[in-house]
1. Out of the residues in region 55-66 that are open to solvent by less than 70 Å² (accessible area, probe 1.4 Å) and part of a strand (DSSP E or B), state the one that is nearest to residue 24 (Cα to Cα).
2. Please go through region 30-47 and pick out each residue that is farther than 15 Å from residue 59 by Cβ and either at pLDDT below 95 or over 13 Å from the mean Cα position of the chain (by Cα) (or both).
3. Hey, can you tell me all the residues within region 1-47 that are polar (S, T, N, Q) and open to solvent by 70 Å² or more (accessible area, probe 1.4 Å)?
4. Name the residue that is nearest to residue 60 (Cα to Cα), counting only residues in region 1-29 that are without any contact (Cβ under 8 Å) to a residue 24 or more places away in the chain and not in a loop (DSSP other than H, G, I, E, B).
Amino acid sequence: GIEFYSWDFSYDDATQQFKADVIFDKEGHQIQSFKTGEHTIAVKVVDNEGMENIETVKIKLNGAVKIL
């Protein structure tokens, strides 16, 4: 099982240094507001055996809201 999640909402791909904005999240869910532009989010997961992994997600926000 997963012990906790740590979140870096401004992860830098070039340096690959993880700087957690949220250090200890037991649920694995976060709500965050972003400005228009490209963002890279990284989440570090630590399991109950102490193994860890980092997953990154890139998002691009254009600032427009459309009703479909």
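1. My answer is 56.
2. At the first step, the residues of region 30-47 found to be farther than 15 Å from residue 59 by Cβ are 44-47.
If the condition is that a residue be farther than 15 Å from residue 59 by Cβ and either at pLDDT below 95 or over 13 Å from the mean Cα position of the chain (by Cα) (or both), then 46, 47 are the ones that fit.
3. To start, the set of residues in region 1-47 that are polar (S, T, N, Q) comprises 6, 10, 15-17, 30, 32-33, 36, 40.
Answer for region 1-47, where residues must be polar (S, T, N, Q) and open to solvent by 70 Å² or more (accessible area, probe 1.4 Å): 10, 15, 16, 17, 30, 32, 33, 36.
4. Here is the first cut: in region 1-29, the residues without any contact (Cβ under 8 Å) to a residue 24 or more places away in the chain are 14-17, 19, 21-27, 29.
If we keep only those that are not in a loop (DSSP other than H, G, I, E, B) as well, we get 22-25.
Values: 22: 21, 23: 24, 24: 26, 25: 25 Å.
That would be 22.
The values are calculated or read from the model by the stated rules, or taken from the named source; none is laboratory data. Everything numeric here is computed off the predicted structure, so don't read it as measured data. A quick note on method: Cβ atoms are made from the backbone with ideal geometry, for glycine too, and the neighbour counts reach across all protein chains shown. We work out accessible area using only protein heavy atoms, side chains counted, and drop any ligands, DNA or RNA first. Shrake-Rupley method; radii C 1.70, N 1.55, O 1.52, S 1.80 Å.
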